[in-house]
Amino acid sequence: MNQPLDLTERPAPDEAPQYFFQYIEKVPAGDIRDTLEAQGASTLEYLRAIPEERTLERYETGKWSVREVLGHINDTERVFVYRAFWFARGLGAALPGFDQDEAVSEAGSDTRSWESLIAEFEAVRSATTTLFRHLPAAAWSRKGVASERTVSVRALAFITAGHLEHHLRLLRERYALV
């Protein structure tokens, strides 16, 4: 019988496409479930400190506004976690890709209040942490195909956390939202 995966260890190279290791490497050490919960709380605090009047700013012409960035974070977390759910439950069909630019252009994030986007993040992250907190041990090592690439449930948890870290860094550095 297989040993359950150690949820403090980063995914192995065969658990995700190489591209996603740029996110996985951003995740601090520790149990990924605890990391996702703590990250959610600290992110909410950070987002609530950003003044609404700054949320339509773009750091460069053609780049996403702050609201669009948060809308993208929310959408992408849903996609990653849906994939994790699908594979964890052993549902075999491959899942399609996700065009982030198309999703952002259709989301209408700039027409929403900043508070509504923050509330959405809070709800999405709550669903994320609940799913990952209650997965059976065997589910973490399951793999599936999304965007024509194989990825494990454990990798998707790390990718979710690392993707958020990536965008928080961009908000701090490029948008000067400290």
Inset, instruction - Could you please find all residues in the range 146-162 being closer than 13 Å to Thr76 by Cβ and open to solvent by 10 Å² or more (accessible area, probe 1.4 Å)? - result: Ser147
Legend entry - Subset of the range 64-85 (residues that are in contact (Cβ under 8 Å) with a residue 60 or more places away in the chain and farther than 19 Å from Glu115 by Cβ): Thr76, Phe80, Val81, Arg83, Ala84
Legend entry - Pair list, Cβ < 9 Å and 6+ apart or interchain, from the range 91-108 residues that are at positive phi to residues that are in a helix (DSSP H, G or I) and open to solvent by less than 50 Å² (accessible area, probe 1.4 Å): Gly108/Gly71
Legend entry - Residue ID - surrounded by the most Cβ atoms within 10 Å (Cβ to Cβ), chosen from residues in the range 118-140 that are polar (S, T, N, Q) and touching a residue at least 40 places away in the same chain (Cβ under 8 Å): Thr128
Legend entry - the range 67-90, residues that are open to solvent by 50 Å² or more (accessible area, probe 1.4 Å), more than 15 Å from the chain's Cα centre (by Cα) and at negative phi: Trp86, Arg89
Inset, instruction - For the range 55-101, name all the residues that are in contact with a Phe, Trp or Tyr (Cβ under 8 Å, 6 or more places away or on another chain), part of a helix (DSSP H, G or I) and basic (Lys, Arg). - result: Arg67
Legend entry - Which numbered condition Pro136 misses (of (1) out of contact with any Ser or Thr (no Cβ under 7 Å at 6 or more places or on another chain); (2) over 30 Å from Ala12 (Cβ atoms); (3) modelled with pLDDT of 95 or more): (2)
Inset, instruction - Go through the residues of the range 35-47 one by one and say whether even a single one is in contact with a strand residue (DSSP E or B) (Cβ under 9 Å, 6 or more places away or on another chain) and either part of a loop (DSSP other than H, G, I, E, B) or charged (D, E, K, R) (or both). - result: no
Inset, instruction - Return only the number of the condition from (1) open to solvent by 60 Å² or more (accessible area, probe 1.4 Å); (2) modelled with pLDDT of 95 or more that Val178 does not satisfy. - result: (2)
Inset, instruction - Name every residue in the range 47-56 that is within 15 Å of Ala176 (Cβ to Cβ) and open to solvent by 70 Å² or more (accessible area, probe 1.4 Å), in order of residue number. - result: Ala49, Glu53, Leu56
Legend entry - Answer residue from the range 35-59, given it is among the acidic types (Asp, Glu) and in contact (Cβ under 8 Å) with a residue 24 or more places away in the chain and is nearest to Ile24 (Cα to Cα) among those: Glu37
Inset, instruction - Would you mind stating whether Gln39 is polar (S, T, N, Q) and open to solvent by 70 Å² or more (accessible area, probe 1.4 Å)? - result: no
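The values are calculated or read from the model by the stated rules, or taken from the named source; none is laboratory data. All figures in this text were calculated on a predicted structure; none of them were measured in a lab. Glycine also receives a Cβ, built like all others from the backbone with ideal geometry; neighbour counts cover every protein chain displayed. Accessible surface is based on the protein model in full, side chains and every heavy atom, while ligands, DNA and RNA are left aside. Shrake-Rupley method; radii C 1.70, N 1.55, O 1.52, S 1.80 Å.
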